[in-house]
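Quick notes on the structure that follows.
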């Protein structure tokens, strides 16, 4: 067993997996309509994400008193990260790209930061190439 989830988090994760499987084709077609390297990479990213969620669900235990912290970054997670250069700590919310309204702390799963954080665990160090330069984050906590 990899971890223990409370019943609400477990149910939310199951529903999230169903939703992402249902939305995958539409998301790919909307954001990557033609044959391209980006489309292939997005399909691979989503397939890997779905496989990791499915694997996690097969390994978890469910308990009422489980810690609400989540074992890996998923769409909808609030991820607290520490910038390894500046030591600044901040929280990002990982969002789907088709969201109607974005807040300043929202990061799409299609952005370099969103792609890099997806499926990471607490303690992971993430190196990200962004248009503004390279950044390095330590994942400190994950909550739904």
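The values are calculated or read from the model by the stated rules, or taken from the named source; none is laboratory data. No experiment lies behind these values; they were computed from the predicted model shown. No Cβ is skipped: glycine too gets one built from the backbone with ideal geometry, and neighbour counts run over all protein chains shown.
Can you find even one residue in the range 121-136 that is in contact (Cβ under 8 Å) with a residue 60 or more places away in the chain, within 12 Å of the chain's Cα centre (by Cα) and surrounded by fewer than 16 Cβ atoms within 10 Å (Cβ to Cβ)? Please lay out each step first, then the result.
Within the range 121-136, the subset in contact (Cβ under 8 Å) with a residue 60 or more places away in the chain is none.
No, that holds for no residue.
Can you say whether residue 106 is under 21 Å from residue 142 (Cα atoms), touching a strand residue (DSSP E or B) at 6+ places or on another chain (Cβ under 9 Å), assigned by TED's automatic domain parsing to the domain that holds residue 132 and in contact (Cβ under 8 Å) with a residue 12 or more places away in the chain, as far as the supplied structure shows?
Here the answer is yes, as residue 106 does meet what is asked.
Out of the range 4-18, which residues are in contact with a strand residue (DSSP E or B) (Cβ under 8 Å, 6 or more places away or on another chain) and farther than 8 Å from residue 66 by Cβ? Can you show your working first?
At the first step, the residues of the range 4-18 found to be in contact with a strand residue (DSSP E or B) (Cβ under 8 Å, 6 or more places away or on another chain) are 4-7, 10, 13.
Within the range 4-18, 7, 10, 13 qualify.
In the range 31-53, is there at least one residue being under 21 Å from residue 10 (Cα atoms), at pLDDT below 95 and not assigned by TED's automatic domain parsing to the domain that holds residue 16?
No, every residue in the range 31-53 fails to be under 21 Å from residue 10 (Cα atoms), at pLDDT below 95 and not assigned by TED's automatic domain parsing to the domain that holds residue 16.
Being surrounded by 15 or more Cβ atoms within 10 Å (Cβ to Cβ) and not in a helix (DSSP H, G or I) is the filter here, so list the residues in the range 1-15 that pass it. If you could, list the steps in order and put the result at the bottom.
Let us first name the residues in the range 1-15 that are surrounded by 15 or more Cβ atoms within 10 Å (Cβ to Cβ), namely 3-6, 9-10, 12-13.
Of everything in the range 1-15, those that are surrounded by 15 or more Cβ atoms within 10 Å (Cβ to Cβ) and not in a helix (DSSP H, G or I) turn out to be 3, 4, 5, 6.
Residue 139: in contact with a strand residue (DSSP E or B) (Cβ under 9 Å, 6 or more places away or on another chain), at pLDDT 95 or above and on the phi < 0 side of the Ramachandran plot, yes or no? Walk me through it before giving the result.
Values: in contact with a strand residue (DSSP E or B) (Cβ under 9 Å, 6 or more places away or on another chain): yes; at pLDDT 95 or above: yes; on the phi < 0 side of the Ramachandran plot: yes.
Answer is yes for this residue.
Just a yes or no: is a residue in the range 57-65 under 22 Å from residue 108 (Cα atoms) and under 19 Å from the mean Cα position of the chain (by Cα)? Spell out the reasoning first.
Here is the first cut: in the range 57-65, the residues under 22 Å from residue 108 (Cα atoms) are none.
Within the range 57-65 (the criterion being under 22 Å from residue 108 (Cα atoms) and under 19 Å from the mean Cα position of the chain (by Cα)), the answer is no, since none of the residues qualifies.
Got a number for residues in the range 1-51 being in contact (Cβ under 8 Å) with a residue 60 or more places away in the chain and more than 22 Å from residue 98 (Cα to Cα)?
Looking only at the range 1-51, we keep the residues that are in contact (Cβ under 8 Å) with a residue 60 or more places away in the chain, and these are 1-6, 9, 12-13, 16, 23, 27, 30-31, 42, 45, 48-49.
Retained after the next criterion (residues that are more than 22 Å from residue 98 (Cα to Cα)): 1-6, 9.
Selection size over the range 1-51: 7.
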